[in-house]
Amino acid sequence: MDAAASIAIETAVKHVMEKIKRGKKLTTEDILILYLGSISEDVRAMRAEATEREKALREEIAQLRREMYARFDATDAKFDAKIEELRKEMNAKIDALYAEINRKFDELYRLLITALTQKRQES
């Protein structure tokens, strides 16, 4: 019900209430106006309750959303920590592999130099 209709019903109800105070006889239209006023008041109360419930639901949804994002952030942090741990392990293994390859290259270099030196001496 729009505001203009609501105001009109309120005004009509006030007029009928004045009739009752003066002790005048009510017509069928007057009774209908009182009934509409009663319905209008119920609708207004239901709207207020619906607005309160909607507000509460919106806050509950917002709270659930905050909790969900907090869980996502915690999960992301766990993944990030695990990825960092794996990165460090892989880097350590790669460094160890490079060290072993360099050691073998150095050993092969020494063997090659020794072999070349012996070959020159034999010639």
**Prompt:** Just checking, which of F72, F79 is open to solvent by 100 Å² or more (accessible area, probe 1.4 Å) and over 14 Å from the mean Cα position of the chain (by Cα)?
**Reply:** F79
**Request:** Go through E84, E54 for me and flag whichever is under 24 Å from D2 (Cα atoms) and either in a helix (DSSP H, G or I) or not β-branched (V, I, T) (or both).
**Result:** E54
**Prompt:** Cβ-Cβ below 8 Å, separation at least six or inter-chain, first residue in segment 18-45 and at pLDDT 90 or above, second open to solvent by 90 Å² or more (accessible area, probe 1.4 Å): which pairs?
**Reply:** I33/H15
**Request:** Mind telling me which of the residues L111, L86, L116 ends up being open to solvent by 100 Å² or more (accessible area, probe 1.4 Å) and aliphatic (A, V, I, L, M)?
**Result:** L111
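Condition first: within 30 Å of D2 (Cα to Cα) and out of contact with any strand residue (DSSP E or B) (no Cβ under 6 Å at 6 or more places or on another chain). Can you find one or more residues in segment 91-110 that meet it?
No, the conditions are met nowhere in segment 91-110.
Any idea which of K55, K14, K19 is more than 41 Å from the chain's Cα centre (by Cα) and open to solvent by 90 Å² or more (accessible area, probe 1.4 Å)?
K14
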**Members of segment 22-41 found to be part of a helix (DSSP H, G or I) and open to solvent by less than 90 Å² (accessible area, probe 1.4 Å), listed by number** = D30, I33, L34, L36, G37, S38, I39, S40
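The values are calculated or read from the model by the stated rules, or taken from the named source; none is laboratory data. Quantities reported herein were computed from a predicted structural model and do not represent experimental measurements. Using ideal geometry, Cβ is built from the backbone for each residue, glycine included, and neighbour counts are taken over all protein chains shown. The protein model used for the area step is the full one, side chains on, heavy atoms only, and it has no ligands, DNA or RNA in it. Shrake-Rupley method; radii C 1.70, N 1.55, O 1.52, S 1.80 Å.
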